[in-house]
1. Could you name the lysines in cross-link range of Lys118, using Cα to Cα under 30 Å and dropping any fewer than eight places away on the same chain?
2. So what's the net charge close to Asn19: Lys and Arg +1, Asp and Glu -1, counting the other residues with Cβ under 15 Å from its Cβ?
3. With a 1.4 Å probe and every protein chain kept in, tell me what percent of the accessible surface of the range 2-123 is carbon plus sulfur.
4. Using each residue's phi in the range 53-61, evaluate 6.51 cos²θ - 1.76 cosθ + 1.60 at θ = phi - 60° and report the 3J(HN,Hα) Karplus result to the nearest Hz, with x for Gly and Pro.
5. Given contacts defined as C-alpha pairs under 8 Å and at least six residues apart, what's the relative contact order of the range 1-103, whole-number percent?
6. Quote the accessible area belonging to Ile52 in square angstrom, nearest 10, computed with a 1.4 Å probe and with ligands, DNA and RNA left uncounted.
7. Taking a 1.4 Å probe, which of Arg132, Arg121, Arg61, Arg45 shows the most accessible area, and what order do the others take after it?
8. Just to be sure I follow: if Rg is taken over the C-alpha atoms of the chain and Rh is the Kirkwood radius over the same atoms, what is Rg/Rh?
Amino acid sequence: MEWTTHALSGLTAGYLVTNDWRGAVIGAVASVIPDLDEPKSKFGRPFFFISIPINLLIGHRTFTHSLLFALLMGVIVYPFSPLLSLATTTGIAAHILGDMLTGRVQLLYPLENKVGIKVSRFSYTVIDMFTRAALSVLIALVIWKDIFN
């Protein structure tokens, strides 16, 4: 998926598990971190000095797209804030789920089995646009609820 869709999914997931806008922001930021393994990604480009070696060593949609990575990042954040740790883990999980809708990931890294749905470029674009629109509506409804409650 595109980085904007990942950010929206992380924002939504972070808010849903924390019921807090700080959790939403952390979820959104965390949701783009898995693409550190892709030097051409929005997140990988500024960190090319990390992104290129990761991509050369393990490839795209492997370790950084695994449950192990999501949990590890949550453990790293936990001492600072258990609530934000949950948002971090959930934001990364939202990214992984999104990529499983439009391709395959090594969910149980280091096992080599890949999980997900292989789709054409056209289907990828349609799924990404639909997901982004649905998440935008969901976020708008949550904001509406918070304003009027």
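The values are calculated or read from the model by the stated rules, or taken from the named source; none is laboratory data. Just so it is clear, the structure is predicted and the values come from calculations on it, not from any experiment. No Cβ is skipped: glycine too gets one built from the backbone with ideal geometry, and neighbour counts run over all protein chains shown. Side chains included, ligands, DNA and RNA excluded: accessible areas come from the protein's heavy atoms. Shrake-Rupley method; radii C 1.70, N 1.55, O 1.52, S 1.80 Å.
1. Lys40, Lys42
2. Residues close to Asn19 contribute a combined charge of 0.
3. 73 percent
4. Whole-Hz 3J(HN,Hα) from phi for the range 53-61: x, 4, 5, 5, 7, 10, x, 8, 6.
5. Relative CO of the range 1-103 lands at 35 percent.
6. We get 70 Å² for Ile52.
7. So, going from the largest accessible area down, we get Arg121, Arg45, Arg132, Arg61.
8. 0.98
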